[in-house]
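The values are calculated or read from the model by the stated rules, or taken from the named source; none is laboratory data. Quick caveat: nothing in here was measured; it's all calculated off a predicted structure. Positions of Cβ are generated from backbone atoms using ideal geometry, with glycine treated the same way; all protein chains shown enter the neighbour counts. Just the protein is used for accessible areas: all its heavy atoms, side chains included, with ligands, DNA and RNA removed. Shrake-Rupley method; radii C 1.70, N 1.55, O 1.52, S 1.80 Å.
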Amino acid sequence: NQSPAITDANAPFDDPDTDAILRSSDNVDFRVFRHFLSYASPVLRTVFALPQVSQGDNSNETKDGLPIIQVSEESKTLGRLL
């Protein structure tokens, strides 16, 4: 049972100047600004406040130097929520 390939969301969630990535359950990456999400979600505010992992530790996934936060929603739902 293979996971679908990881793809990037369409605009406006493809901005290279963002500072985090939300990955949907169907492996679509949404580039987002942590600051905006922190205002909208106390849960994400807590996630963003956690200590960042050091460069040598690969327990947290990154892409293009940005932290990836896996969420349980599918891309269609996540796109609507954002």
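Numbers for the structure displayed
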quantity	calculated
Top of Thr62, Thr46, Thr18 by mean-square fluctuation, Gaussian network on the chain, Cα under 10 Å	Thr46
Inter-site label distance for Glu61 and Phe33 at 7 Å from Cα along Cβ, in nm	2.6
Cα centre as origin, Lys/Arg/Asp/Glu Cβ charges: the stretch 1-44 dipole, Debye	180
Accessible area of the chain belonging to carbon and sulfur atoms, whole % at 1.4 Å probe	51
Gain upon complete extension [Ser3, Arg80; 0.36 nm per residue less C-alpha separation]	25.5 nm
5 Å-binned pair-distance histogram of the chain (Cα, whole percent)	3, 14, 26, 26, 20, 9, 2, 0
Percentage relative contact order, the chain, counting C-alpha pairs under 8 Å, at least six apart	32
Charged-residue dipole, Cβ positions (Lys, Arg, Asp, Glu), the stretch 7-79 about Cα centre, Debye nearest 20	280
Where labels lie 7 Å past Cα in the beta-carbon direction, separation of Thr46 and Asp19 in nm	2.1
